[in-house]
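Notes to accompany the following structure.
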Amino acid sequence: IAAKGQLLRGSTPPAARLSLDAKIDKPAALAPWIAAADRVPMPIELKSAIAASGDTVRADPLTLSAAGQALAGRATWRSGEPWRLDASLKAGTIDLASVLPKRAAGGSGSAASGGASGPLFGDDKLPIGDLPSAIAKVDLRIDQLRLPDLPPLSNLTANIDLQPGVLLVKPLAFGVAGGSLKGGVAIRPGAVPKLELQTNASGLSAEVLARAAGSSHVGGGRVQLDAALTMAGNTPRALAASANGDLLLSVKDMTLAEGALPIGSNLLPRLLQIVQPERGGAKVTTVECAVARLPLKNGVATVDRSIAAETSDLSFSASGRIDLRDQTLELAIRPGAREAAHCLAGHL
């Protein structure tokens, strides 16, 4: 830590004005305050003009960086029980793809081979069980955010509100894959953390999303996603197994090649393979529209023709059960000739 400035001993309360330059390069230094300190990208650097008086410290301007990824703005911290932080931060480009681990290669099977894939939801513990005993309000703006295995996010805006017992990120909005997403997240820590998610995504490019997932066999396509879910647990598997709420996913005007995506995590290619077993490896299917509406209760979705699709040749619907607890599905598929009616209107 390097500091230069004035300690105003004669003022009441005592005050200081300092130019501060600080750096942390060992996770152990953060361990008393952050439970998952070993996951924080290093080094962390802070540069600011500090004005302190009594129980209040104001940093303006402020630059905070982790592993070379910098945010700039201003912040005010007030001591007490609980302590309080108010901040406004922005950045041009944050590249977390260079510092966070990517998805392991070869973790799923091939649709072409029909091999078994790994679990869709893993057991890695998420850092949502504990939150600081504090009050914090942070206004965040990032022009471009790069994450592992995802297309870049643009014009990200988020209002982060931490209160005792709950972390709210709402509203949350950004552009991705040529479309936009708006929504919010609430995390309630505890022995079994609870998570509430609401999102509306529209106009997303299916081709761009598939390319980010490692597939080059999807062409065009626009994706819409609406979700309102509540979950509990501290691993992806536990969250999925406890999900309650509604999820609606639809795709329009997409081309799909044989063996385009892994079967384990992509239902539509597998269903097309079942209803069109003699397509041939070189044929490309034009999916004019597809929809999956999943009403979830304790991780189980009972499907009554609410999974359906229309291609240039035929239409089909599916009924049955999708169980996120053991990550299995049982569906009865009803193929038929393509109808001239509005795309899937009867299934929504």
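The values are calculated or read from the model by the stated rules, or taken from the named source; none is laboratory data. What you see is a predicted model, and the numbers here were worked out from it, not measured in a lab. A quick note on method: Cβ atoms are made from the backbone with ideal geometry, for glycine too, and the neighbour counts reach across all protein chains shown. Just so you know, the surface numbers come from the protein's heavy atoms only, side chains and all, with ligands and any DNA or RNA stripped out. Shrake-Rupley method; radii C 1.70, N 1.55, O 1.52, S 1.80 Å.
Taking the criterion of being under 22 Å from LEU64 (Cα atoms), open to solvent by less than 80 Å² (accessible area, probe 1.4 Å) and not β-branched (Val, Ile, Thr), the residues of the stretch 124-147 that qualify are LEU131, PRO132, ALA134, ALA136, LYS137, ASP139, LEU140, GLN144, LEU145, LEU147.
Quick one: which of ALA227, ALA201, ALA210, ALA232 is touching a strand residue (DSSP E or B) at 6+ places or on another chain (Cβ under 6 Å), over 30 Å from ASP161 (Cβ atoms) and without any contact (Cβ under 8 Å) to a residue 60 or more places away in the chain? Testing whether each residue is touching a strand residue (DSSP E or B) at 6+ places or on another chain (Cβ under 6 Å), over 30 Å from ASP161 (Cβ atoms) and without any contact (Cβ under 8 Å) to a residue 60 or more places away in the chain leaves just ALA210. Within the stretch 221-254, the residues that satisfy the criterion of being within 20 Å of THR311 (Cα to Cα) and open to solvent by less than 30 Å² (accessible area, probe 1.4 Å) are GLY221, VAL223, VAL251, MET254. Restricting the first member to the stretch 124-139 and to residues that are farther than 21 Å from ALA91 by Cβ and assigned to a loop (DSSP other than H, G, I, E, B), and the second to residues that are among the β-branched types (Val, Ile, Thr) and modelled with pLDDT of 80 or more, the beta-carbon pairs closer than 9 Å and six or more apart or on different chains are ASP124/THR235; LYS125/THR235; LEU126/THR235; ILE128/ILE187; GLY129/VAL192; LEU131/VAL166; LEU131/ILE187.
Taking the numbered list (1) closer than 23 Å to ARG222 by Cβ; (2) modelled with pLDDT under 90; (3) surrounded by 14 or more Cβ atoms within 10 Å (Cβ to Cβ) in turn, LEU329 passes all entries but (1). Within the stretch 164-199, being open to solvent by 60 Å² or more (accessible area, probe 1.4 Å) and either at pLDDT below 95 or assigned to a strand (DSSP E or B) (or both) holds for PRO164, LEU168, LYS170, PRO171, LYS182, ARG188, ALA191, VAL192, LYS194, GLU196, GLN198. Any chance the stretch 67-77 includes a residue that's more than 30 Å from LEU7 (Cα to Cα), modelled with pLDDT under 95, of a type outside the set (S, T, N, Q) and open to solvent by 50 Å² or more (accessible area, probe 1.4 Å)? Checked against the condition, which is being more than 30 Å from LEU7 (Cα to Cα), modelled with pLDDT under 95, of a type outside the set (S, T, N, Q) and open to solvent by 50 Å² or more (accessible area, probe 1.4 Å), the stretch 67-77 yields at least one hit. Considering ALA29, ALA51, the condition of being surrounded by fewer than 16 Cβ atoms within 10 Å (Cβ to Cβ) and aliphatic (A, V, I, L, M) is satisfied by ALA29 alone. Against the test of being assigned to a strand (DSSP E or B), within 18 Å of PRO127 (Cα to Cα), among the charged types (D, E, K, R) and out of contact with any Cys (no Cβ under 9 Å at 6 or more places or on another chain), the options ASP246, ASP161, ASP226 yield a single qualifying residue, ASP161. When the stretch 266-302 is limited to residues that are in contact with a Ser or Thr (Cβ under 6 Å, 6 or more places away or on another chain), closer than 17 Å to VAL218 by Cβ and open to solvent by 50 Å² or more (accessible area, probe 1.4 Å), the one that is modelled with the highest pLDDT turns out to be THR286.
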